[in-house]
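Below you'll find the structure, written out as structure tokens, and then a few comments.
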Amino acid sequence: MEALGFTQFWGSTPAINVFEGCDHVDPAADDSEINILMSETGGDARHILKTVCDILPMQKERTHPINIYFHEKNKELLARVVLFMTLFCETGISERERMELYLDLFANTLIRDKT
């Protein structure tokens with residue numbers, strides 16, 4: 001799949017929760033600091049989004065962080081992941097605006113008039 005001028009922007013697998021099937025780490029029960037390294041994900045933040053959405057409805061508040069590190073070979077893919085993670089975490093704009101911007105960027109849906 002690697003050739004001159006080819007950058008894979010989309011993953012080939014469904015999104016997964018990185019904690020599923022992991023017996024020794026449970027973010028709901030264990031409050032210690034957790035580090036996750038995502039390497040060569042194809043510039044796709046879908047696994048992190050799925051993981052965060054699955055662990056957000058936890059019953060108790062965490063006092064220690066869950067750190068997520070990205071390792072990407074291509075700078076374009078790393079910039080894309082940073083853009084999506086910023087969009088997910090940005091609370092200065094409304095949820096609807098963020099949703100429409102996400103669909104415009106990720107799926108090229110051209111929902112908004114200015115797009």
Under 5 Å between amide H atoms, partner at least 5 residues away or on a different chain: which partners does Phe70 have, H built in plane at 1.01 Å?
-> Met38
Candidates Ala28, Ala45, Ala15: whichever shows maximal mean-square fluctuation once the chain is modelled as a Gaussian network with Cα springs under 10 Å = Ala28
To the nearest 20 debye, the chain has a Cα-centred charge dipole, built from +1 on Lys and Arg Cβ and -1 on Asp and Glu Cβ, of 380
HN-Hα J couplings of the range 106-115 from phi, Karplus 6.51/-1.76/1.60, θ = phi - 60°, integer Hz, Gly and Pro as x?
-> 7, 10, 6, 8, 6, 6, 7, 5, 6, 7
Two-decimal Rg/Rh of the range 76-115 from alpha-carbon positions, Kirkwood Rh?
-> 0.97
Of Leu103, Leu49, Leu77, the most mobile residue in a GNM of the chain (C-alpha springs, cutoff 10 Å) is Leu103
Straight-line reach from Lys73: which lysines have a Cα under 28 Å away, not including same-chain ones fewer than 8 places off?
-> Lys50
Quick one: grab the alpha carbon gyration tensor of the chain, order the square roots of its eigenvalues as a ≥ b ≥ c, and give me rounded if a/c is under 1.5, else prolate or oblate depending on whether a/b is larger than b/c.
-> oblate
Using θ = phi - 60° and the Karplus relation 6.51 cos²θ - 1.76 cosθ + 1.60, list the HN-Hα couplings for the range 92-105 in order, rounded to whole Hz, with x at every Gly or Pro.
-> x, 10, 5, 4, 5, 5, 5, 5, 5, 5, 4, 5, 5, 6
Relative contact order in percent for the chain (Cα pairs under 8 Å, 6+ apart) equals 25
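Bear in mind these aren't lab numbers, they're just calculated from the coordinates by the rules spelled out. Keep in mind it's a predicted model, so treat the numbers as computed, not measured. Don't worry about glycine lacking a Cβ; one is built from the backbone with ideal geometry, like all the others, and counts go over all protein chains shown.
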